Structure formats: C-alpha cells, structure tokens
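Read through the structure below, which is laid out as structure tokens, and then see the notes.
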C-alpha cells in the first residue's frame, strides 16, 4: 500500500487514477511514499526517508526544494502542457482587452450617471477606439507547450507571429505552425513585436529579460503580456515606459504592488491555469506519472531526474537513484552478479549531478542484493519493484 500526502486540494479526477486498493491518499498522511502539491511551499518541510516522489500538479516548481530532493534521491514531477489551453485562452483574450481598450471602456461606462446615458456613451466612445489583431505582430519568448499553442492560435487569427527559443524541443517544433517566424535574437523579437508574451521559467538567465534597454527596442504602443512568472519583466523600467506613453499596456497575471491601479496596467489575480479543466488535466497527468514511477520505476516529465522509461522484463525490477559519478553502472552490475543475479535488461540515464538506473532480473531479488547496493558509495536509493 502506497501512502500519498496531498498538500493542496488536488482534483478528484486525478486522484481517482490512483486505485484505492493500492493507495492511501490523505492530507495528513505520515511518512508518505509520494506527495501531490499545487502551490504549497515545501522548502521548510521535513523530508522523510520513505519519500520517493513529489508530483506538482502544474508547471512551475519554485515552491519545491529541488536540490534537497535530488540529494535524497526523490524524483520531482510536473505537468507541462496540461494547463496550456487555459493560458492560451487568457493570453488571446488579454490581447483583445488591450487592443480594444475594453477594461478602460468598461470602467468609463460604469462611472456614467444614468441620466442621459445614451448621449454620454456616444460622446465618450471616441476615447476608447482601438485596433484589430490581424496584421499585428506577436512576439513569443519561449516555445514550449504553452508558447506553441499561443503561436498557432494567434497565427490562425491573422497575426504575424515571431518566436524566440534557442532550446526549443523537436516535439514543440513539430507542433508549431509553419507560418511562425524564427527570431535570430531576443532583441530582434522585441524590435518587431506589437505584442510580446513571455512563456519561460524564472531563472538567472530570464530575470528582468525585458529591461530598460530592451524596452527602447519596442515599437511605439507595444503591449507587454506576462503570464509566465513575476520577475521576468523589470517592472520599474516598464512603468516608466507606461508613464511616458511609449508602451501602451502591461497585462500581467502578477499584480505589481500599488501600481496595480496604473491606468495602463491590466492586472489579473494569477488566473493563468484557473480553470476546472486545467486543474483536472494537471492532476491526471501527475497522478499517472507518480503511479508509473512507484509501480514500474519509469520517469517521465521529471524536473530533476532524467527521463527513463523501460518496458518490464524478467521477474523483478530494481530502481536505483545515484550520484552521477564514474563507474556506478559497473559497481551496480558487479554487486548484482556477486549475489547471483542475472540481468535481463538495463537502462542508465543521467542528468546534471544525478543518475538513474533500471535493472530487470530473471530471478527474484533478495534483501542481500538491496543491502549490498545500498552500501555502494554514491547510491542514494534502491527499490525493488
């Protein structure tokens, strides 16, 4: 019986993928095998020796101490792309809000007196005339699951789309519309874009990626859309550009202190993935990944360990996490052979400072094999599945 601790309200649609005859799911589970989390902060949590996996029902993992998890051999999963449609719809609708001045026009009408309303509406509407999306250029920084969906949707609306992502995956490239242009540099993207949308994680390389220097590259009346992470945009520099009118609007899912009331800021309360469908999709994806890891040792969509998927063969399987240092595979193979084990299939993958090995054996695995492997310097965890 696997014990699963939930730190937030996880969609029941996903939890139902973990069968009750094999999983005990609770918000107060002791010494869990796995943790399912959305936004709860885990940095100060005690990490039990029994913990094997953490599943983040979403994309970002800033609330999880990845280094600590890796040191203990705990695999951290996320759900990339599960909320992509929700974010895509919000970005497209936000471009419409900005191009048609909808929020400002709405506020204007709400403030009008009832008396002579029709006349006031007709007199004021000229102040909120906007523009249409076809023919405008959308620049997308980051062409992962979300960025690709936005690029394709914007292209279908008749927009010119330019993207920048030096580490785009083959999977994402296959899904991208052929009409999306590739930017040679991020500066080129800024200089060509009437709208700029960010879809990258917050790292040292992306912090304040839109800064004072790059803001000056933007065309007049550009609109900045931030549905990625707080910290990607240098907001002090951007507010200056909003004040002088060189940037038309800043649409953000991360309100910026008192400046949330700035007349050129459209601030939303972190609605990016706030749909029932997105929550269901995220929980289903991460539940499947946790289940496959606990029961088969397979790793898919981990943020700290390599991808490792191997069909089952033989009688029993070993799943081993270890430091990425020389001669680990040799030591693992020797330890198994010395104890009379015969390997049917084996997979070894590494990522940064950690590595992962799956071993299928044709005979049953004794506790002596587990104990001997656990004593090998550099091995973090050993599981018999």
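For region 7-26, the criterion of being at pLDDT 95 or above and within 16 Å of residue 69 (Cα to Cα) is met by no residue. When residue 271 is tested against (1) modelled with pLDDT of 90 or more; (2) touching a strand residue (DSSP E or B) at 6+ places or on another chain (Cβ under 9 Å); (3) outside any helix (DSSP H, G or I), only condition (2) is not met. Every listed requirement among (1) in contact with a strand residue (DSSP E or B) (Cβ under 8 Å, 6 or more places away or on another chain); (2) in the same structural domain as residue 62 (by TED's automatic domain parsing) is met by residue 279 save one, (1). Considering region 105-129, and only residues there that are assigned to a helix (DSSP H, G or I) and touching a helix residue (DSSP H, G or I) at 6+ places or on another chain (Cβ under 6 Å), the residue that is surrounded by the fewest Cβ atoms within 10 Å (Cβ to Cβ) turns out to be 124. Among the numbered criteria (1) at pLDDT 95 or above; (2) in a loop (DSSP other than H, G, I, E, B), which one does residue 69 miss? With (1) at pLDDT 95 or above; (2) in a loop (DSSP other than H, G, I, E, B) applied to residue 69, the lone miss is (2). Taking residue 242, is it crowded, with 18+ Cβ neighbours inside 10 Å and either part of a loop (DSSP other than H, G, I, E, B) or in contact (Cβ under 8 Å) with a residue 40 or more places away in the chain (or both)? Here the answer is no, as residue 242 does not meet what is asked.
Kindly indicate the residue of region 312-358 that is surrounded by fewer than 15 Cβ atoms within 10 Å (Cβ to Cβ), touching a helix residue (DSSP H, G or I) at 6+ places or on another chain (Cβ under 9 Å) and in contact (Cβ under 8 Å) with a residue 24 or more places away in the chain and also farthest from residue 286 (Cα to Cα) among those meeting that condition. Taking the candidates together, the pick is 338. Of all the residues in region 163-203, those that are in contact with a helix residue (DSSP H, G or I) (Cβ under 7 Å, 6 or more places away or on another chain), modelled with pLDDT of 95 or more and assigned to a helix (DSSP H, G or I) number 2.
The values are calculated or read from the model by the stated rules, or taken from the named source; none is laboratory data. Note that this is a predicted model, so its numbers are computed, not measured. All Cβ positions, glycine included, derive from the backbone under ideal geometry; neighbour counts span all protein chains shown.
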